[in-house]
Amino acid sequence: MTDTREVIVEAKNLDLTFETNDGPVHALKDVNLTIGKGDFVSFIGPSGCGKTTFLRVIAGLEQATGGSVTVNGMSPEEARRSRAYGYVFQAAGLYPWRTIAGNVKLPLEIMGFDRAEQGRRVKNVLELVDLEGFEKKYPWQLSGGMQQRASIARALAFDADILLMDEPFGALDEIVRDHLNEQLLSLWARTEKTIGFVTHSIPEAVYLSTRIVVMSPRPGRITDVIESSLPRERPLDIRDSKEFIDIAHRVREGLRAGHSDV
Amino acid sequence: MKSLVPVLAVVAGIVAIWYAAAVGLNAQWTYDQAARAGVELGFTDVLRDAMVQDRPVLPAPHQVAVELYDTVIDKKITSKRSLVYHGWITVSATLLGFVIGTGLGILLAVGIVHNRAMDMSVMPWAIASQTIPILAIAPMIIVVLNSVGVQGLVPKAIISAYLSFFPVVVGMVAGLRSPDAMQLDLMRTYNASRVETFWKLRLPASMPYLFTSLKVGIAASLVGAIVGELPTGAVAGLGARLLSGSYYGQTVQIWAALIAAACVAAALVGIIGLVQRLMLRRMGMGQ
Amino acid sequence: MGWVIFAAVFWAAAWWVNGRLSTSVLADQRGVKLIVPTIFGLTILVVWEGLVRGLNVPGVILPPPSVIVGTIGDSLPILWEDFVQTFVKGALSGYAMGCGAAFLIAIVIDRSAFLQRGLLPVSSFIAALPIIGTAPIMVMWFGFDWQSKAAVVVVMVFFPMLVNTVQGLASSEAMQRDLMRTYGAGYWQTLIKLRLPAAMPFIFNGLKIATTLALIGAIVAEFFGSPIRGMGFRISTEVGRLGLDMVWAEITVAAIAGSAFYGIVALIEKGVTFWHPSQRAG
């Protein structure tokens with residue numbers, strides 16, 4: 001299944017060591033992973049396992065200290081400069097002085113799209129995340145879930161093929177989270193992007209992904225990569241099926257194994 | 001201490017620019033003198049002369065340093081030409097005024113926080129007064145009080161008190177009101193009286209705010225005392241030295257008095273900062 | 001004596017009214033929030049008038065408000081001339097130059113963390129010093145007229161404005177700046193689209209502080225020497241002639257100018273930083 005698809009992200013023997021006042025911190029050690037086009041890959045693990053760091057390395061926001069990583073065949077820096085991906089942070093991070101439309105336009109302005117094009121894309125992408133009608137509102141007038149949807153819209157606006165998401169739904173309550181998970185899946189089906197998704201939640205990881213990467217800390221490393229056997233079309237109540245529970249169980253085992261090494 | 005090297009670099013840069021500017025500004029006079037005497041001057045001669053003029057346009061740093069040394073260390077403290085003597089006159093007025101202003105300010109702040117009528121009637125004026133140039137009435141206060149026989153230290157202290165009063169009121173009110181609703185509710189569950197809540201919660205919580213206002217207040221008090229020395233014909237104090245230096249064209253004296261005033265301000269604010277750090281550390285509020 | 005009794009009664013009555021208003025259910029309405037301090041201010045004026053007349057305080061010590069208002073009415077041309085000299089020429093030009101310079105220099109040193117770490121402590125230090133003491137030096141360099149006063153104002157507003165602007169430029173969160181990096185945005189794009197708007201609350205804080213400093217600087221600098229015009233000049237000479245009503249008239253004009261100046265900047269701030277929690281909570 002993975003062999004014939006185009007490789008988007010390739011990490012080989014990736015190492016990242018931070019020098020701190022208390023000595024070196026091995027945030028990532030000997031990480032090997034390939035992400036193919038159209039994959040939905042979740043990264044799950046306890047705090048300090050390096051999942052966010054790995055995402056940031058792919059995004060070119062951190063520099064590896066050993067090994068190699070390529071994105072679209074280029075270095076992450078070059079990929080970043082060629083605007084290959086959209087990044088969604090844990091907090092929505094919308095600019096309070098811009099309207100929702102203004103916020104979604106931000107990357108478009110920077111990347112030099114013309115005015116008419118900007119308007120078109122904003123409209124499309126707000127429809128995609130179900131926020132039509134909210135263009136002229138300000139972020140503080142929206143709920144947490146809506147702000148995060150706007151943040152996702154912003155990341156989709158410039159048509160990058162890759163979407164990197166760092167615990168985007170962590171701060172939201174369960175009901176909103178479920179809804180957004182559903183929306184994200186349908187978005188993924190429609191746009192066929194490659195998605196890297198960091199999460200703390202086992203059900204979320206299993207529900208969303210085609211592949212789950214289990215990581216553990218000290219040093220940050222991959223303990224298991226699970227190929228999901230669930231079909232691409234998934235209603236929410238697939239979470240009660242035996243298949244789902246089996247995969248979740250395997251994830252849990254992987255997490256426990258990582259912990260006991262420590 | 002990471003900032004030490006950049007700060008020293010900036011200070012060194014300022015001193016260098018100061019020297020260059022001194023030469024630049026003073027050179028004109030040197031050239032004029034030379035032209036009048038019909039003498040040709042080389043560059044090093046101009047350079048040297050610019051640094052040692054009696055009435056320079058801009059005294060060189062070492063000239064100011066010499067004057068400071070002269071009037072601070074070489075003169076007896078009781079001498080009327082000693083900067084320590086003048087400095088003490090200004091500082092004593094500052095401290096007296098500061099203590100009065102702060103004391104009254106804290107009392108008013110307590111009143112404002114506990115009495116709604118005072119809050120609604122006085123607080124807007126306290127805030128508005130910060131936009132009014134209060135210092136402008138300094139001469140009037142001096143002269144009016146002099147004419148009823150109150151002279152010397154007290155009128156200046158009154159100006160200083162007035163200037164530190166409002167920042168302390170505003171800051172202290174903010175501080176006394178800083179505990180959040182949750183902590184106040186906790187006090188209510190203990191059935192604490194308003195007095196107990198004040199001493200156990202509001203007052204400790206207001207300490208950081210108080211110290212910030214104290215720093216602003218003491219700097220303002222010092223300025224008040226200095227300006228208060230001007231109207232009486234500049235007899236004594238740092239402000240007086242500034243004024244008399246300006247009347248008699250004694251630029252080095254002006255600069256020495258200004259640097260002395262700056263040092264006094266730094267010292268006073270520094271002392272409050274020290275008290276702040278000790279007190280907050282004892283209270284576990286760290287930094 | 002009647003005047004004193006009148007003043008006492010007025011004070012009691014006003015206190016009662018304010019007491020009732022502030023504890024009533026109306027207390028939270030905006031109108032009431034304006035009325036209560038207004039009553040308080042008016043009471044001060046009435047008591048002032050009453051005590052001065054009733055106790056026969058000499059006009060050279062403390063004139064009553066009615067006399068001051070009369071003087072203002074009679075001296076409008078002089079007051080206007082002084083206002084233009086001190087506020088418009090001295091304070092306003094110094095304010096514009098000082099704040100403008102501080103803003104530009106903050107942006108220039110923005111790219112050098114070294115310069116920032118050096119300049120910020122030094123600037124905070126200088127901002128706490130009695131800068132008004134530089135007035136005689138400025139008079140020596142720039143002459144007696146408004147230029148020396150503007151120069152004093154420039155020095156007074158420069159450092160607080162610099163400190164505030166630098167703090168403002170640093171206030172954008174790391175996450176926001178990372179987001180800009182993911183867009184491949186350059187330094188200037190990040191500066192204009194993110195860091196400057198985020199810095200506005202701090203910059204306006206500095207601008208507001210500077211309004212007060214500018215007016216004080218311009219007036220007090222005139223105590224050190226001025227041509228025959230200007231609010232500071234008028235105050236110090238009238239004080240010498242014991243024409244205290246004129247002094248109070250000038251102070252009133254200064255008070256109005258100061259609050260109006262601050263108020264205008266605060267109004268602009270409301271427009272620019274409408275999004276900031278402090279403006280929304282209200």
All helices (runs of 4 or more DSSP H) inside the range B:131-221 with 1 or more residues being closer than 21 Å to B:Ile272 by Cβ and open to solvent by 30 Å² or more (accessible area, probe 1.4 Å): B:153-176
Output for the range B:3-26, where each listed residue is more than 18 Å from B:Gln63 (Cα to Cα) and facing chain C (nearest Cβ under 7 Å): B:Ser3, B:Pro6, B:Val7, B:Ala9, B:Val10
Residues satisfying the stated conditions in the range B:224-269, i.e. within 15 Å of C:Ile132 (Cβ to Cβ), facing chain C (nearest Cβ under 9 Å) and outside any helix (DSSP H, G or I): B:Leu230, B:Pro231
Yes/no for C:Leu45 being open to solvent by 60 Å² or more (accessible area, probe 1.4 Å), within 14 Å of another protein chain (Cβ to nearest Cβ) and closer than 30 Å to B:Gly149 by Cα: yes
Whichever residue in the range C:1-42 is farther than 23 Å from B:Ala126 by Cβ and among the β-branched types (Val, Ile, Thr) and, among such residues, is nearest to the other protein chains (Cβ to nearest Cβ): C:Val25
The lone exception for C:Val57 - which of (1) within 12 Å of another protein chain (Cβ to nearest Cβ); (2) part of a helix (DSSP H, G or I); (3) loosely packed, with under 15 Cβ neighbours inside 10 Å it fails: (2)
Qualifying residue in the range C:256-276 (condition: open to solvent by 10 Å² or more (accessible area, probe 1.4 Å) and over 28 Å from C:Leu92 (Cβ atoms)): yes
Any hit, the range A:114-126, residues being on the phi > 0 side of the Ramachandran plot and either in contact (Cβ under 8 Å) with a residue 24 or more places away in the chain or assigned to a helix (DSSP H, G or I) (or both): no
The range C:67-87, residues that are of a type in the set (Gly, Ala, Ser) and surrounded by 14 or more Cβ atoms within 10 Å (Cβ to Cβ): C:Gly70, C:Ser75
Test: residue in the range B:233-244 that is in contact with a Ser or Thr (Cβ under 7 Å, 6 or more places away or on another chain) and hydrophobic (A, V, I, L, M, F, W, C): yes
Residue check for B:Ala257: among the aliphatic types (A, V, I, L, M), at pLDDT 85 or above, over 11 Å from the mean Cα position of the chain (by Cα) and surrounded by 22 or more Cβ atoms within 10 Å (Cβ to Cβ): yes
Residue in the range B:118-126 that is open to solvent by 50 Å² or more (accessible area, probe 1.4 Å), in a helix (DSSP H, G or I) and within 10 Å of chain C (Cβ to nearest Cβ) present: yes
Hey, B:Ala267 closer than 25 Å to B:Ile73 by Cα and open to solvent by 40 Å² or more (accessible area, probe 1.4 Å) or not: yes
In the range B:67-87, residue nearest to B:Thr251 (Cα to Cα) [restricted to those that are open to solvent by less than 50 Å² (accessible area, probe 1.4 Å) and either touching a strand residue (DSSP E or B) at 6+ places or on another chain (Cβ under 9 Å) or modelled with pLDDT of 80 or more (or both)]: B:Glu67
Helices (runs of 4 or more DSSP H) enclosed by the range C:135-236 - at least 1 residues per element that are open to solvent by 20 Å² or more (accessible area, probe 1.4 Å) and facing another protein chain (nearest Cβ under 10 Å): C:135-142, C:174-182, C:187-190, C:196-223
Any hit, the range C:71-84, residues being within 11 Å of another protein chain (Cβ to nearest Cβ) and among the charged types (D, E, K, R): no
Residues of the range C:236-282 that turn out to be modelled with pLDDT under 85, under 22 Å from the mean Cα position of the chain (by Cα) and closer than 28 Å to C:Val84 by Cβ, as a count: 1
Test result for C:Gly94, touching a residue at least 12 places away in the same chain (Cβ under 8 Å) and closer than 28 Å to B:Trp255 by Cβ: yes
Qualifying residues in the range A:71-102 (those that are within 17 Å of the chain's Cα centre (by Cα) and open to solvent by 50 Å² or more (accessible area, probe 1.4 Å)) - the one nearest to the other protein chains (Cβ to nearest Cβ): A:Arg83
From A:Val25, A:Val57, A:Val104, residue being outside any helix (DSSP H, G or I) and either in contact with a Leu (Cβ under 7 Å, 6 or more places away or on another chain) or of a type in the set (A, V, I, L, M, F, W, C) (or both): A:Val25
Options B:Val10, B:Val46, B:Val23; residue that is in contact with a Gly (Cβ under 8 Å, 6 or more places away or on another chain), open to solvent by less than 40 Å² (accessible area, probe 1.4 Å) and in a helix (DSSP H, G or I): B:Val10
Hits in the range C:97-134 - residues which are within 22 Å of the chain's Cα centre (by Cα) and within 14 Å of chain B (Cβ to nearest Cβ): C:Ser123, C:Ser124, C:Phe125, C:Ile126, C:Ala127, C:Ala128, C:Leu129, C:Pro130, C:Ile131, C:Ile132, C:Gly133, C:Thr134
From the options B:Ile141, B:Ile112, B:Ile134, B:Ile106, residue that is of a type in the set (Val, Ile, Thr) and free of Cβ contacts under 8 Å to residues at least 60 places away in the same chain: B:Ile134
Criterion (modelled with pLDDT under 90, surrounded by 15 or more Cβ atoms within 10 Å (Cβ to Cβ) and small (Gly, Ala, Ser)) met by exactly one of A:Gly196, A:Gly145: A:Gly145
In the range A:218-246, residue farthest from A:Ala11 (Cα to Cα) [restricted to those that are in contact (Cβ under 8 Å) with a residue 40 or more places away in the chain and either open to solvent by 80 Å² or more (accessible area, probe 1.4 Å) or in contact with a Pro (Cβ under 6 Å, 6 or more places away or on another chain) (or both)]: A:Glu233
Tally, over the range C:88-122, of residues that are in a helix (DSSP H, G or I), surrounded by fewer than 23 Cβ atoms within 10 Å (Cβ to Cβ) and not aliphatic (A, V, I, L, M): 10
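The values are calculated or read from the model by the stated rules, or taken from the named source; none is laboratory data. Computed from a predicted model, the values in this text were never measured in an experiment. Positions of Cβ are backbone-derived with ideal geometry, glycine not excepted, and every protein chain shown enters the neighbour counts. Only protein heavy atoms, including side chains, enter the accessible area calculation; ligands, DNA and RNA are left aside. Shrake-Rupley method; radii C 1.70, N 1.55, O 1.52, S 1.80 Å.
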